[in-house]
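Structure, as structure tokens:
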Amino acid sequence: MLGVITIFLVFCLLIFLGVTWYKSSKADIPPGIANPKLLWRMHIVATGTIILGYTLEKLGIMNRTTLFQSMHKISQPKLKDDPEIFKKDLQFDGVPVRVYHPRSPSVGGRKGVMFFHGGAYMLGSIDLYDSLCGHLTKNSGAVVVSVGYRLAPEHRCPAAFDDCLKATVHFLKTAKEHGVDPSSVIICGDSAGGNLTAGVCQSLVGIADIPKPLAQVMIYPAVQGADFNTPSYQQNKMVPSLTQEYSVYFSLTYIGADLSLSQEMIKGSHVSLEIREKLSKWLSSEEFQVKGYKPHIMAPFNKGVYEKVKKTLELACSPLFSDDAVFQQLPKAYILTCEFDILRDDGILYKKRLEDNGVPVTWFHVKDGFHGIVNSFDQPEVVSGKLAMDNVVTYIKNL
């Protein structure tokens, strides 16, 4: 009996490895991308985790997101203490945060940075970004507040947005208590955190009696849930670590919609005529004239689909589509994009909207970068990750 079980388990393992390899082989690792071998290894692990999660979910053993979150916790590095940094876990208006203070003396109030981590609204944590936030504090001299916002699928949109906004308002009101100049607070985030940065800054426009942010820093932000076929989506839809398929999956999970709507989202069935016209106008400019790009003709508008996924076009998911009157009141911005990233054009579109409304933008483009590269800033072999992180730190330091 034991031998039969062993043979069965070996058979299952071989099938799992075969499916993982087959699925991984569909990835596109384009020439010129940074650290292709490292990216390939990361992709295989991620693909295997996704296949295992899907299988366990179908068998009724475990929700796939629970597995993803567990794997993230297992893979995160051990927290380290730095004698040059003091950090403390607090609550800002009920939202968990970790505050990082440089131990070096300061004359007057320091800059403050509200940091919203990435992870597609489902993954990531204060602990996972501990090293990055510590590095940012140590090298910029700013007080950094890392926000532990609630994650999907347990907490749907706009839970993450609400938490980040509440924590930011609290910090702006109490900045002096943390040794921070209230007029020198920067809002910052990567990927989903970049989306939250944009949305929070726009919401602060309508809140009176609090200091306004000094700047907004968005690292490969996702700023719209309408067009999943922009030039960068077409160019990089199979490039790790974020593919078109996963992007739509994360978006639907965040808003609590049925995953069976993914193809309708990709076709654009949910997008109104007004937003289609705006996207067509913006994407017709020369910034988006990429070789091999074919303008995507969206499927006819389907009101039924729209009603099921309309949250993805609202502020908490799509700050790109806010009115000019809001953009005109936003603080100066820094935007980092990567060439081999489906979200490259999200960042460029947001840059265009800001500039068209008179907001100064500093743009840094990582020519060999892929999505998530800044998280590898402390890996010596990922040179572009360190250069990108250094550029973010320099911008904040020089504000």
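The values are calculated or read from the model by the stated rules, or taken from the named source; none is laboratory data. All of these numbers come straight from a predicted model, not from anything done at the bench. All Cβ positions, glycine included, derive from the backbone under ideal geometry; neighbour counts span all protein chains shown.
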Some residue of the range 106-117 being over 16 Å from the mean Cα position of the chain (by Cα), among the polar types (S, T, N, Q) and over 16 Å from A175 (Cβ atoms): no
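Being of a type in the set (V, I, T) and within 17 Å of G124 (Cβ to Cβ) is the filter; apply it to the range 188-216 and report the residue that is surrounded by the fewest Cβ atoms within 10 Å (Cβ to Cβ). Can you show your working first?
First, the residues of the range 188-216 that are of a type in the set (V, I, T): 197, 200, 205, 207, 210.
After this cut, where a residue has to be within 17 Å of G124 (Cβ to Cβ) as well, the list is 197, 200.
Details: T197: 29, V200: 27.
Among those that are of a type in the set (V, I, T) and within 17 Å of G124 (Cβ to Cβ), it is V200.
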Qualifying residue in the range 171-184 (condition: in contact with a Gly (Cβ under 8 Å, 6 or more places away or on another chain), crowded, with 23+ Cβ neighbours inside 10 Å, part of a strand (DSSP E or B) and touching a residue at least 12 places away in the same chain (Cβ under 8 Å)): yes
Yes/no for L79 being surrounded by fewer than 20 Cβ atoms within 10 Å (Cβ to Cβ), part of a helix (DSSP H, G or I) and either modelled with pLDDT under 95 or not assigned by TED's automatic domain parsing to the domain that holds P153 (or both): no
F115 vs. criteria crowded, with 24+ Cβ neighbours inside 10 Å and touching a residue at least 60 places away in the same chain (Cβ under 8 Å): yes
Residues of the range 124-150 classified as within 19 Å of G372 (Cα to Cα), among the polar types (S, T, N, Q) and not in a loop (DSSP other than H, G, I, E, B), total: 2
Selection from the range 289-330 of residues that are within 20 Å of A159 (Cα to Cα) and surrounded by fewer than 16 Cβ atoms within 10 Å (Cβ to Cβ): E307
Index of the failed condition, Y121 passing every other in (1) at negative phi; (2) among the hydroxyl-bearing types (S, T, Y); (3) outside any helix (DSSP H, G or I); (4) at pLDDT 95 or above: (1)
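If I filter the range 118-154 down to residues being among the polar types (S, T, N, Q) and closer than 19 Å to H178 by Cα, which single residue comes out as surrounded by the most Cβ atoms within 10 Å (Cβ to Cβ)?
Restricting attention to the range 118-154, the residues satisfying the condition of being among the polar types (S, T, N, Q) are 125, 131, 137, 139-140, 146.
Subset that is closer than 19 Å to H178 by Cα: 137, 139-140, 146.
Numbers: T137: 28, N139: 17, S140: 22, S146: 30.
The qualifying residue surrounded by the most Cβ atoms within 10 Å (Cβ to Cβ) is S146.
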Looking only at the range 27-42, and only at residues there that are in contact with a helix residue (DSSP H, G or I) (Cβ under 9 Å, 6 or more places away or on another chain) and part of a loop (DSSP other than H, G, I, E, B), the one that is nearest to E381 (Cα to Cα): N35
Counted residues, the range 347-362 - those being touching a Phe, Trp or Tyr at 6+ places or on another chain (Cβ under 8 Å) and closer than 13 Å to Y220 by Cβ: 4
Tally of residues being part of a helix (DSSP H, G or I), surrounded by fewer than 24 Cβ atoms within 10 Å (Cβ to Cβ) and of a type in the set (S, T, Y) across the range 338-386: 2
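Counting only residues that are polar (S, T, N, Q) and modelled with pLDDT of 95 or more, how many does the range 90-118 have?
Residues that pass the stated criteria total 1.
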